[in-house]
1. Please return the longest range in chain B lying between exposed loop sites, taking GluC sites (Glu not before Pro), DSSP loop only, at most 10 other beta-carbon atoms within 10 Å, and leaving the sites out.
2. Nothing charged except the Cβ atoms of Lys and Arg (+1) and of Asp and Glu (-1): what's the magnitude of the dipole of chain B about its Cα centre? Round to the nearest 20 debye.
3. Rounding to the nearest 20 debye, state how big the charge dipole of the protein assembly as shown is about its Cα centre with +1 on each Lys and Arg Cβ and -1 on each Asp and Glu Cβ.
4. Evaluate the relative contact order of chain B (contact order divided by residue number), counting alpha-carbon pairs under 8 angstrom at least 6 apart; express in whole percent.
5. I'd like the mean, over residues of A:300-308, of how many other protein chain beta carbons sit within 10 Å of each residue's own Cβ.
6. Work from the charge dipole of the protein assembly as shown (Cβ charges, +1 for Lys and Arg, -1 for Asp and Glu, about the Cα centre) and give the residue of A:Ser437, A:Gly77, B:Ala458 farthest towards its positive end.
7. Rounded to whole Hz and in sequence order, give me ³J(HN,Hα) for the stretch A:258-271 from the Karplus expression 6.51 cos²θ - 1.76 cosθ + 1.60, θ = phi - 60°, writing x for Gly and Pro.
8. Only counting other Cβ atoms within 10 Å, I'd like B:Ile35, B:Ile421, A:Ile52 sorted with the fewest neighbours first.
Amino acid sequence: MKPDNKGSFLSDFAPWLRQLRQRQGRLWLGALLMLLTLAAAIGLLALSGWFITTTAIAGSLLAVGAAVSVDIYRPGGGIRFFAVTRTAARYGERLYNHDTVLRLLADLRAGMFAVLTRLDGRSLGRLRAAEWLNRLTADIDTLDSLYLRLLAPPLASLLAVCGIALLLWFFAPSVAVPVLAALLLTWLWLALGQARLGMAASRRRVAALDRLRSLTIEQLQGLAELRCYRTLGMHRQTLSDQEQDLYRDQRRLGRLQALGNAVVGLGVSLTAVLALWLGAGLYTANTLSGPLLVLMPLAVLAANEALALLPPAFTQLGATRAAAQRLNRLVASRSEIQEVEQPVALAERPPKVVFENVSLRYSSASPFDGDHEISSTQSLLALALDDVSFSIEPGERVALVGASGSGKSSVAQLLVRLIDPSSGQVYLNDRNVLELSISSLRQRVGYLTQRTELFHASLATNLCIGNSQADEDMLWQVLDLVDLQDWAKELPLGLDTWVGESGRQLSGGQARRVALARVLLTQADMMILDEPFTGLDEATVQRIAERLDTWLEDRTVLYLNHDNRCLPGVSRTLSLRSGRIVSGAE
Amino acid sequence: MRATRKSDISTPRGWLGAQSQDVKGWLVLAAGLGILAGLMTMLQMGALAWIIAQLISADTPLVQLNGVFVLLLVVIAVRALAQWGQESAGVEASLRVRSKVRALLLDHLAAVGPVGLAGRHTAGLGGQLIEQVEALDGYYARFLPQMRLVLVLPLVILALVLWLDWLAAIFLLLSAPLIPLFMALVGMGAERLNQQQFIAVTRLAGHFLDRVRGLTTLQLFNRADASIDEVFSAADDYRRRSMRTLKLAFLSSAVLEFFASVAIAVIAIYIGFGLLGYISYGPASELTLFSGLLILLLAPEFFQPLRTLAQHYHDRAAALGAADGLMKMLELPISTTKHEQEHEQVSVTKASGARVHITEASVSYPQRGVVLGPITLSIASGECVALVGPSGSGKSTLLQLLAGFIKPEQGDVEVDPYTQIAWMDQRPWLVQGSLADNLRLAAPEASDAQLLEAVAQADLEELVSALPKGLTTHLGERGLGLSGGQAQRLALARVFLSKAPLVLLDEPTASLDADSETQVVTSLKRLVAQGRTVVIATHHPALMALADRVLRLERGTFSQHGTLSNETR
């Protein structure tokens, strides 16, 4: 999908603004605190200027002996009040708004995670690419600061600008109007002008960085080929061209942002001069007092602080918008896996499995990497399963063997509805799996995937994913089944030992066995075990296979493996090659 | 400087400093323009105060002040230009440093070579290279120039105020000794923020990514819905904990803010009292509306550079963190023969096959000891040699030695350095782009006809002609859409296209099913028939059958009994 440049700008942000609305109260309060900080800054400078001028005039009158009384306490108190308010409001605002942003982060993360949980197996497989995941996190981070960068500052600064004009209006309406016009013009430039000028480049920047990243990764992965073919220099050139593209955009944006920052100073200072000049006219005509003449330009100068927040945020608006569009596409993606209106629960007994002329095509490109036209060609390139038919009787143990990429995992994914077939039917207990309730299906069919996915959590937590009701005895029982009981007993923290990257590193074989234990804990009536013994030594395999043989009794079992060695109790072997069953289907 | 600073180049800070040497000019320009902008600000404030004082105290008619108004406008314009120039120069400095660092890293990683990088997560490494180099941006673009401004501008303002009214200057000066304290405070605040926050943020992002990566598992165990709450509470818990640190961290900048505000207030009140004649001490009686206003207007500017620096402090922390990672990358040991990558020009070899001589060569690794050799081997032009033996026997090492990815510890390897080599292993390397792009990696100049010929020789003709877009068909990430066998044959088409006289194949069929394997073997037969010199490491009998000679490797040396010639069978 080509990003729609002209299309409704607001509609890209609409879902995110709607999400923000849930925390409306906080957002308004945060913006108010921001405004209070700005108002205090304006008040401090304006009142100080007014006070000095008043005292100067009074001082010169006193010097010639005139009797003047000057109230020095109220302005003095006001100055101190503004000074303290500015500090306190600023501190409070930062703290409060950070809290808000972190709340929004929690909302967004959970919201996006909910979206991802609806994706089907194939999309999830694609999503594992590290680069994609990193961009997703970066996109979410971009949007959680939407409020703090793009909503509150323009709002608070607009109100501050109006406040300054209002203040001036009390003393000299003829000054207030041109000042308001000039400041509004500056504000408009900083918000809309910067956004418009930076839109294309800041959108491109993200894509250019992505492209540079993939070229760099490609180069590192292909070093052997590139060096042998003596084309490393050529690839480096491509990479360097891409880098230059990125830098061109970054340079443009950097200068544009510099322009914006300069315009803040320029616009505010020129407006202050305008206020002074107009005020001077009134002063010489005796319609404006000296102190008020000073107050006006000083109040205008304080607008600097209000407007300075705009250029960095709005120059990069295009990047924020691109992030919103990418996430919108992801949110809009519908899983191909849908439950029927009134799903049936799968009966509690070892199921019978029937595959009837099942074919599976790689579907069209997923909605979130949709830059390429893979969809039209993919079907031609490969068929994952081609007219597969077989059946497994209740309680039977069947091995499905074949090389990697032959389609074994697809068969398993079809059974638990991580994917649906392009044509043909899959039956469990004579019920089409499409009619079954997905949760009951997955509860009754345990599936040990080829990839071992353990979470950064304790051993117990990892196991309990298989069965949240499991008590400690059950955990030890399954650990015994996979021959990890002794190992776990010797851990200082036992079942509370943290596993995964930030905790104790498990060897590949140990991780595999934990994953196996987890799926056994489900006590499901059917087990799909995809290469259950990867990374285990022969002796361990023998021990586990023996215990497993007893445990699997009266359960329907489908093994997926390279070959059928060491798989306990296999009564029949189906052989799969390039998506076709070549033997064993009867 | 390279000699003088060598000692601290090993620290991230020293390293960052060393990288800035080439852009010193830009950084000085940025700082210089920043100082100019600062001076213009002072001039602007002076002109404003002057005009006001003239109007109110001296009753000068407005028309006589037109000249000053014009001057004021010019000053404002120059200030805006200088400000723009300052930031643009900073951007330029940052771009140049990043470009240089990126080239440095890519050169280094290329020299580390495929063997040195084996076992590393290259996707992670590549991503890290991009992110961490980008993280240097703010440090050079903003932090370093601002660092210089902080040292100059407050002093100039102080000098000016001193000249106007020394008592007011003392108020500022009183806070001046506090400035290093502020900096330390701000620094510590930012440091704490960054250390603790960074760890927490990384952990939270890690938690999120961990759950996303494991989504299939969560779905399979019906735990996906429960995990949504878990993701939320992890983020919310992080919020509660980080708010505790933020309360303290924000205090440092609040203190800075407080002093800036209070200094303005104190000065305003002092000037007011002075102008009223309430203060008879010191210079207060000499205060005028001009000097009073100017001091008031300069007071915030005195603190402004420091406040800006505080805002950029996180740039520094980010750059230090990135420098740490990048330095680790630069420490990866180089395992390659030197200057290998410089031989980009391919000599036009007349002979279709390369000759190879290995004399008494051996290779060893620090942890594993001797993995190959000493071995002696001669391969004639156009010969096909199969290397067999159990895994770990040194087959791959021998191929890597021939390819020049590693250098022999002893002995000699003679392969013409200008010879193009074709390399293929069990993991076909594909890039994002069209089929043609993927093929041209071996021969950038190849014509479409040559591509089609190579495709035909690799038995991919049927597939390509079935594609509506033919060779321009785009492959997705990681060759998405191709089966393993198709991808391997695409890599093989690359070998055909290259015309390389030496072909090195490392278990080319190891991950293929029987059908694909047969197809690849058929194509390889054609390759051998072209008269190229081919060396194959393999377990497969069909590939051994292709070879003129089968050499058996065991624990890094040729086993005496294993060497047999197919011709004598």
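Bear in mind that the values in this text are calculations on the coordinates, not laboratory data. Everything quoted here is computed from the prediction, not taken from an experiment. Glycine gets a Cβ as well: all are built from the backbone with ideal geometry, and neighbour counts include every protein chain shown.
1. Answer from the scan: B:1-330.
2. 800
3. 2540
4. The normalised contact order for chain B reaches 15 percent.
5. Neighbouring Cβ atoms belonging to other protein chains average 1 per residue here.
6. My answer, from the dipole projection, is A:Gly77.
7. In residue order, the calculated couplings are 4, 4, x, 4, 5, 5, 4, x, 5, x, 5, 5, 5, 5 Hz.
8. B:Ile35, B:Ile421, A:Ile52
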